[in-house]
Amino acid sequence: MLIFEYILLGFLVVCAISVSFSKNLLNSILIFMSYSLVMSIIWILLESPDLAITEAAVGAGVTSLLFFVTLKKIHAMREEGEEDE
Amino acid sequence: MRLIEWAQFIVGTGLLITGLGIFFIQLLGVFKFKYILNRMHAAAMGDTLGIGISLVGLMILTGFNFTTLKMGLIIVFLWLASPVSSHLIARLEVTTNEHLKEFCELPEDTKEEEEQC
Amino acid sequence: MELVQRFEWIFHIILIILALMLVLCLIRAIIGPRIADRLVSVNMMGTMVMVIISILALIMDEGYLLDICLIYAMISFLAVVVLTRVYTGVYLEAKQKKEKQKREVQKDETH
């Protein structure tokens, strides 16, 4: 069980670093969503299922979807390929 | 009584391990295919079959109580939602990719349309 | 049920393999050239997290965890729907803007 936690914590570190290094905003939001996916498993392993449910509902659900919609509002939805037009 | 428990345990873990194998095949498919539209075939396989078999295995392991109904509800919801989401992703890819012709040959009628517009 | 407790090491190994697959899914999400690859891999990660949570629910013998699994099923579906609708909307708007500019340019040349 310990190795499982180490792998998940390593996953979180990789997720956090790759969010900041990704150029495209859309890509960082998707990786942010996977960060909150794994974060709720860790809450379960820490014996607190209520926090896991809130993390699941808020982290993956509300925040990521609101980020998508804000991206549309500020017209920053660009693929890398389209920038150099 | 012991025999039933043993049988239940072996069948449950067996199904769980086959579910795990399907996830492995799904991952293999996603990494092997180069273009997204073929990659999606492999990805959608895990969403419906992989989780279906592993959850059935878990249902057998937990025996018959309230959690088994929840797992059944999850399987039913996923079998409804996963094809729809794969279809949406495929449509997203087709509409936003201008040079689609390099990756896959389009049916004849859309080719003329594309030449005209 | 005591069999599950006795043979718990099988489930630990299955959880470790699933965690490794999750990391591979993340690598696919980071590499993925187009937005659809990333969306597909986030969808796959959601499914794997759901299997992990249901195995944890079995080990800890808590039915409560399966609600989290259900929430993730709905959220990963909702995210796909919202993102595809928003992204195609923005893309088609940009395309129409470009065509309008092209038509204006042609009109100026003809005058």
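When the residues of the range A:40-58 are filtered to those that are open to solvent by less than 40 Å² (accessible area, probe 1.4 Å) and more than 9 Å from every other protein chain (Cβ to nearest Cβ), which remaining residue is modelled with the highest pLDDT? So, considering only residues that are open to solvent by less than 40 Å² (accessible area, probe 1.4 Å) and more than 9 Å from every other protein chain (Cβ to nearest Cβ), the one modelled with the highest pLDDT is A:ILE42. In the range C:65-84, the residues that are at the interface with chain B (Cβ under 7 Å from one of its Cβ atoms) form Cβ pairs under 6 Å with partners that are of a type in the set (Ser, Thr, Tyr), at six or more places apart or across chains, as follows: C:LEU66/B:THR67; C:CYS69/C:SER54; C:PHE77/B:SER85; C:VAL80/B:SER85. Quick check on the range C:33-46: of everything there that is facing chain B (nearest Cβ under 7 Å) and over 8 Å from the mean Cα position of the chain (by Cα), which residue is modelled with the lowest pLDDT? Here the residue is C:ARG34. For the range A:7-41, the set of residues classified as under 14 Å from the mean Cα position of the chain (by Cα), of a type in the set (Val, Ile, Thr) and within 21 Å of C:LEU15 (Cα to Cα) consists of A:VAL13, A:VAL14, A:VAL38, A:ILE41, listed by residue number.
Among all positions in the range C:89-110, there is no residue which is at the interface with chain B (Cβ under 10 Å from one of its Cβ atoms), at negative phi and within 18 Å of the chain's Cα centre (by Cα). Among the criteria (1) open to solvent by less than 20 Å² (accessible area, probe 1.4 Å); (2) modelled with pLDDT of 90 or more; (3) closer than 16 Å to C:THR47 by Cα, the one B:GLY12 does not fulfil is (3). With respect to the conditions (1) within 27 Å of A:LYS73 (Cβ to Cβ); (2) open to solvent by less than 40 Å² (accessible area, probe 1.4 Å), C:LEU58 lacks only one, and its number is (1).
The values are calculated or read from the model by the stated rules, or taken from the named source; none is laboratory data. All of these numbers come straight from a predicted model, not from anything done at the bench. Cβ atoms come from the backbone with ideal geometry, glycine included; neighbour counts cover every protein chain shown. The area values use the complete protein model at the heavy-atom level, side chains included, leaving out ligands, DNA and RNA. Shrake-Rupley method; radii C 1.70, N 1.55, O 1.52, S 1.80 Å.
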